[in-house]
Amino acid sequence: MRCQSTASFRTKIIGLGVVSSAVALVLACAAFIFYDISTMRKYMVRNLVNQADILAMSSGSALGFFDKEFATKTLAGLGADPDIIAAILYDREGNVFANYQRQGHRLELPPPPKNFFPVFTGDTLEVSRPVLFGGQKVGTILLVESTEILQSRLKNYVLISFLVFVSSLIPAMLISSWLIRKIIQPLMALAKTASHVSESADYSVRAEKFSDDELGQFIETFNSMLDLIQKRDSQLQGVRDHLEDMVHKRTKELAEQAQELLKAKEAAEAASTAKSTFLANMSHELRTPLNTILGFSQLLARDRNVTPEQRKKIAIINRSGEHLLSLLNDVLDISKIDAGRTDVRHTAFNLCTVLDTIKEMVISQVAAKKLKFEMFISDDTPVYIKTDQGKLREVLINLLNNAIKYTDQGVISLEVSSSCPGRLTFRVSDTGRGIPETQINRIFEPFVQEKESERAGSGVGLGLAIAKRFVRMLGGDIHVESPVGEGSVFAFDICYEPASQDEIIEKKSTQKVLGIKPGQPRYKILIVEDMEENRLLLRQFLEGIGFTEIAEAEDGKQAVEMVSSFRPDLIWMDIRMPVMDGLEATRRIRKMDAYLGRIPIIALTAHAFEDEKDNILAAGCDDLVRKPFREEEIVDVMARFLGVEFMYQQDGKKTGAETPDTKSGTDVPDISGLASMISNGLEAEERNALSEAALLLDAKKCLEIISRAGNSELESAVRAMVENFRFEELYQLAKPEK
């Protein structure tokens, strides 16, 4: 195969002609030899049969008269034929009666043949005939003839055929070579032309035409192909030159764009850094005064000397601060999500308990609008699960608040099911007016609100944006169906891990602390805070629950100097301070652990980003509390790190320290009764004015309108609503029916 593939085309053609001639000669010689040998064999058989018949006739009387001598002499007469080497005469029983064997040939006498067909065996031909006497078979004659003459004839014919084959093959090769050269010459010229074109890419050359036959037509086609290639090559060269110019120009443009993108990237990174810095600063600057506002309002609420009227005003301050903190947290949530600084924190909890808590939170809003609330939990819903409880609660609360806000009558429902293990599905549906198709694709964008809504002024448009981002962080997605006039359905699914009741961490009691139990050690507390009002707030709270040995430091440097002399049992450390910040002060105090012992250091920070916690703990702080802090957070830290035990207000027992939120009085009127009082006591125009004043949070205007009604009971009820900062519920109650 390799020789065939590497041989020249001319050699292959000549070889093909020679092989064809050789095969023809071999077949002709073989046919001639076969024919002659077949003819010779037939002649030998016919001749031997004739001799056997003659001997059978002459041997019949010898067998009939049992004359062996005569029979032997008759067989001996075969000596005149040099090719017959044996003759055997058998009697009737098959016994040898007489035989003849040529001198030099001794054969074992075979048994009489069973049939009379001629048989070629090796180097002999055997022919048998019946011997008749008086018309009856009296024996059998067998003649054996040598086939040496046949073999000699075959050898001669093979030799003659070989000589004829060789003598004929040489002229055939010469003739084939001459004929092939006439065919190969144009092909070689064509191949040379194609090779030149391939090596030099010169499509202007043309192959020479030698004849007008099929080969000539092939050469014409080849030349036509070169014409087309030459034209296309010229066109491609023009296009190539044009593309090179374009590529050069585009490369230059891309280089310029790359420089611009690099500058834009640097600007974006700088903007992102500035945004993070701004958010951190804004968080600190807003949370710090909020800490003071909410903290002192809590302290005032604990004061037994505060009158009920003053307590109502304190509740208004507290509600307003909480509302402002909620808005601040929404903005920071979006910012932290966009910056990738929000993590999913999986904890085990009782899902049914969480859902019941959410139901209690929204039921008053539902009742204020005279709506119906339904909650369905399918049987396949697990009770104990593990996921981010806080994010799930916020998503559900945002969706339910939206449903209540945009529904004027009908039903708000929450459905929970588990379509498959590891996934929970939630559906919040309402019978509100729906969302226009032009706005439905934008409702999950930050700061986007329904423009046509009467309530477009409430909120900042972050609830759904936060909900969608939280759902995706929990491994699911949220979808909405909201045909105009048919209500809305917000459905989302999340991933969860199964949990058991043993994994649930019981939430600490939120009962109010009355003080330290008797018999507790006198603990020394060091407050490190640069703002005097924050030091005063924390000091008064700690003194109010029984801590008497409290020292203060205005910055980290003072704190480090006071640690050795004051020897505090616990340090409250603000992080952002002049002179020396809380992180550096903590590092220096930790270097004193060897001779002072490890003093618990609790960071106080107004930073909102979670990664700040890692930096704070890495500096040596044992825990942190974010501003604005809650009373229960301070108490929990003191109990964990000092082991101090507190006395708590017992369930159902009232004290002078109760706030309006926890007392069981009737300051806030029943919602359903108040709705009836407003409907019957005010005209449509007055109700409309009251609803507008409530929407604008104008307390003075609300009280002026209600005082003109001349209904002291109604005036008292509305005043309680205003003083408790329940303008949204008042707006829903006062809004005229359409």
- [ ] With a probe of 1.4 Å, find how much accessible area the stretch 504-573 has per residue, and write the answer as a whole number in Å².
- [x] 51
TODO: Within 10 Å, count the other beta carbons around each residue, average over each peptide in 222-234, 699-711, and list them highest first.
DONE: 699-711, 222-234
Open item on the list: Order 589-600, 481-492, 111-122 from most to least packed using the mean count of other Cβ atoms within 10 Å.
Closed with: 481-492, 589-600, 111-122
Task: Karplus (6.51, -1.76, 1.60) ³J(HN,Hα), θ = phi - 60°, over the stretch 480-494, in Hz, Gly and Pro reported as x - done: 9, 10, 8, x, 4, x, 10, x, 10, 10, 9, 10, 8, 10, 9
Open item on the list: What is the sum of charges, Lys and Arg at +1 and Asp and Glu at -1, for the other residues whose Cβ falls under 11 Å from the Cβ of ARG153?
Closed with: 0
TODO: Using R₀ = 41 Å, calculate the FRET efficiency as 1/(1 + (r/R₀)^6) where r is the Cβ-Cβ separation of PHE566 and TYR648; round to 0.05.
DONE: 0.85
Task: Additional length obtainable on full extension of the chain from SER20 to VAL96, 0.36 nm per residue less Cα span - done: 21.6 nm
TODO: Could you tell me the accessible area of LEU695 in Å² (1.4 Å probe, neighbours in place), rounded to the nearest ten?
DONE: 80
Open item on the list: What does the extension gain come out to for ILE170 and ASN223, with contour length at 0.36 nm per residue minus their alpha carbon separation?
Closed with: 15.2 nm
- [ ] Report the extension gain between GLN409 and ASP241 in nm, rounded to one decimal, defined as 0.36 nm multiplied by the number of residues separating them, less their alpha carbon distance.
- [x] 53.1 nm
- [ ] Give me the distance in nm between label points sitting 7 Å out from Cα along the Cα-to-Cβ direction at VAL49 and GLU69, one decimal.
- [x] 3.7
Open item on the list: Can you list residues from other chains, or at least 5 along the same chain, whose modelled amide H is less than 5 Å from the amide H of VAL138?
Closed with: VAL131, LEU132, PHE133
- [ ] Can you tell me the order of 192-198, 125-131 when each peptide is scored by its average per-residue count of other Cβ atoms within 10 angstrom, highest first?
- [x] 125-131, 192-198
Open item on the list: Using only the heavy atoms of the protein chains and a 1.4 Å probe, how would GLU445, GLU612 rank by accessible area, largest first?
Closed with: GLU445, GLU612
Task: Probe 1.4 Å, protein heavy atoms only - accessible area per residue of the stretch 91-175 in square angstrom - done: 66
- [ ] With a Förster radius of 25 Å, plug the Cβ-Cβ distance of ASP614 and ASN350 into 1/(1 + (r/R0)^6) and report the FRET value to the nearest 0.05.
- [x] 0.25
Task: Within the stretch 105-143: backbone nitrogen closer than 19 Å to the SER58 label point (7 Å, Cα to C-beta) - done: 127-134, 138-143
TODO: Express in whole angstrom the spacing between the alpha-carbon centres of the stretch 394-447 and the stretch 73-141.
DONE: 121
Task: Accessible area (Å², 1.4 Å probe, nearest 10) - ASP430 - done: 20
- [ ] With +1 on each Lys and Arg Cβ and -1 on each Asp and Glu Cβ, and nothing else charged, work out how big the dipole of the stretch 104-253 is about its Cα centre, in Debye to the nearest 20.
- [x] 580
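The values are calculated or read from the model by the stated rules, or taken from the named source; none is laboratory data. Owing to the predicted nature of the structure, the values given are computational and were not obtained by experimental measurement. Quick reminder, even Gly has a Cβ in these numbers, built from the backbone with ideal geometry, and neighbours come from all protein chains shown. Ligands, DNA and RNA are stripped out before the accessible areas are found, and what is left, the full protein with its side chains, is counted by its heavy atoms. Shrake-Rupley method; radii C 1.70, N 1.55, O 1.52, S 1.80 Å.
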